[in-house]
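Working notes, structure below.
The values are calculated or read from the model by the stated rules, or taken from the named source; none is laboratory data. All values derive from a computational prediction rather than experimental measurement. Virtual Cβ from ideal backbone geometry, glycine too; neighbours counted across all protein chains shown. What goes into the accessible areas is simple: the full protein's heavy atoms, side chains included, and nothing from ligands, DNA or RNA. Shrake-Rupley method; radii C 1.70, N 1.55, O 1.52, S 1.80 Å.
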Amino acid sequence: EVQVVESGGGLVKPGGSLRLSCVVSGFSFSRYWMSWVRQAPGKGLQWVANIREDGGAKQFAGSLKGRFTISRDNAENSVYLEINGLRDEDTAVYYCARDLPNGYFDVWGKGTTVTVSS
Amino acid sequence: DIQMTQSPSTLSASVGDRVTITCRASQSIINRLAWYQQKPGKAPQLLIYQASTLQRGVPSRFSGSGFGTEFTLTISSLQPDDFATYYCQEYNCCKIFGGGTKVEIK
């Protein structure tokens, strides 16, 4: 069974940092790009970043470059998203998703919630 | 950046209705478009990719069409399980999602 499980969300003060984790099982993790997609409360979906199978290439949404870092550990079947300088507008559910070669997402986790508030 | 515009933003329909949702791109994305269904509190689920290819396991009442800048998602006969929000997503450029269309019970 394919599973994608995110963790690491929580309540963080503005300016703080957070590292989100995503562990997958049920498919050959090292053969796929992986993405993070977020959804602010009551809003639509926003792609955040993705990372190549070997971790050698990374892409970020244009508006989000600089504060976000994506990494992966293929030995642990895990992908990570680090967010620095958290802002109110980063409050969202963050989903981890399998990113197929063409660029759409066929497997999603249930998400982890990040709340930025003082 | 490409902009993806969905219409309508909300759609009221009854079980059995034929429903059509439109997604327009600000520039050509060829056929590099996907559709997702999302229910409250749940992750999105892929319905269609490459504008018209049904994802495995998705009921045949869902269909997609379009090329270039205008695309449609059609549900041929709305079922109770289909009341949800639908998003289009382009993957020709920047993985931009449309704003969503909520299909609610009339």
Residue by residue through the range B:57-66, note down the ones that are open to solvent by less than 50 Å² (accessible area, probe 1.4 Å) and either at positive phi or touching a helix residue (DSSP H, G or I) at 6+ places or on another chain (Cβ under 6 Å) (or both).
B:Gly66
Pairs where the first residue, in the range A:1-13, is open to solvent by 30 Å² or more (accessible area, probe 1.4 Å) and the second is of a type in the set (Lys, Arg), C-beta under 6 Å, 6+ apart:
A:Gly8/A:Arg19
Within the range B:51-71, which residues are within 14 Å of chain A (Cβ to nearest Cβ) and farther than 18 Å from A:Ser35 by Cβ?
B:Ala51, B:Ser52, B:Thr53, B:Leu54, B:Arg56, B:Gly57, B:Val58, B:Gly64, B:Phe71
Out of the strands (runs of 3 or more DSSP E) lying entirely within the range A:41-118, which hold 1 or more residues that are over 16 Å from A:Phe27 (Cβ atoms) and open to solvent by less than 50 Å² (accessible area, probe 1.4 Å)?
A:45-51, A:68-73, A:78-83, A:92-99, A:112-116
Spot the failing condition for B:Thr69; the list is (1) open to solvent by less than 70 Å² (accessible area, probe 1.4 Å); (2) of a type outside the set (Gly, Ala, Ser); (3) modelled with pLDDT under 95, and only one is missed.
(3)
Looking only at the range A:28-40, which residues are open to solvent by less than 30 Å² (accessible area, probe 1.4 Å) and either more than 14 Å from the chain's Cα centre (by Cα) or farther than 26 Å from B:Ala84 by Cβ (or both)?
A:Phe29
Hey, could you check the range B:72-106 for residues that are of a type in the set (Asp, Glu) and open to solvent by less than 10 Å² (accessible area, probe 1.4 Å) and say which is nearest to the other protein chains (Cβ to nearest Cβ)?
B:Glu90
Which one of these does A:Cys96 not meet: (1) within 14 Å of chain B (Cβ to nearest Cβ); (2) free of Cβ contacts under 8 Å to residues at least 12 places away in the same chain?
(2)
Tell me, which strands (runs of 3 or more DSSP E) lie completely within the range B:1-56 with 1 or more residues that are of a type in the set (Val, Ile, Thr) and open to solvent by less than 20 Å² (accessible area, probe 1.4 Å)?
B:19-25, B:45-49
Determine whether A:Ser21 is within 14 Å of chain B (Cβ to nearest Cβ), open to solvent by less than 40 Å² (accessible area, probe 1.4 Å) and among the polar types (S, T, N, Q).
no
